[in-house]
1. Evaluate the following for R58: is it of a type in the set (D, E, K, R) and modelled with pLDDT under 90?
2. For the stretch 1-52, give me each residue that is among the hydroxyl-bearing types (S, T, Y) and surrounded by fewer than 15 Cβ atoms within 10 Å (Cβ to Cβ).
3. Taking only the stretch 23-78 into account, find how many residues are touching a residue at least 12 places away in the same chain (Cβ under 8 Å) and among the polar types (S, T, N, Q).
4. Got a sec? Which of I78, I71 is modelled with pLDDT of 85 or more and touching a Phe, Trp or Tyr at 6+ places or on another chain (Cβ under 9 Å)?
5. Got a number for residues in the stretch 31-43 being at pLDDT below 90 and touching a helix residue (DSSP H, G or I) at 6+ places or on another chain (Cβ under 7 Å)?
6. Look through the stretch 1-56, keep the residues that are in a loop (DSSP other than H, G, I, E, B) and either among the small types (G, A, S) or in contact with an Asp or Glu (Cβ under 7 Å, 6 or more places away or on another chain) (or both), and return whichever of them is nearest to I82 (Cα to Cα).
Amino acid sequence: MLWAAIGFGLQHAWPYPIAVAFGNGITATLSLLWAFMISAAFARPNGLFVVHSRWPQRRVARAMRYYLLTIGLIVPLIMLLIAFANKEDRSTLLYSNLRRALYRDR
């Protein structure tokens, strides 16, 4: 809920284009985060996957092995990609420094 509030707040309340772009990126990852949070709750030792579906706990743990990697690395990368794609004014300091760092003349 806090992630959604931050995303919608940045998306609508800020006059700065970079803040609106980050708000768009944050709100775009909400559905992905909800899906992973629900699957993590279902994968607990007494969760739906183990109790109702009778899946072995070892298999459920193996399926959820990359949960923290996804939440900690993949979701922020998706957020940044969407934020930079939605950014209208690409001449800001952040974008120009990133572009300069990635595409140096050799």
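The values are calculated or read from the model by the stated rules, or taken from the named source; none is laboratory data. The structure displayed is predicted, hence computed values, not measured ones. Neighbour counts run over all protein chains shown; Cβ positions are idealised from the backbone, glycine included.
1. No; evaluated as a whole, the condition is false for this residue.
2. Y16, S31, listed by residue number.
3. Total satisfying the criteria: 6.
4. I71
5. Within the stretch 31-43, residues that are at pLDDT below 90 and touching a helix residue (DSSP H, G or I) at 6+ places or on another chain (Cβ under 7 Å) number 3.
6. A43
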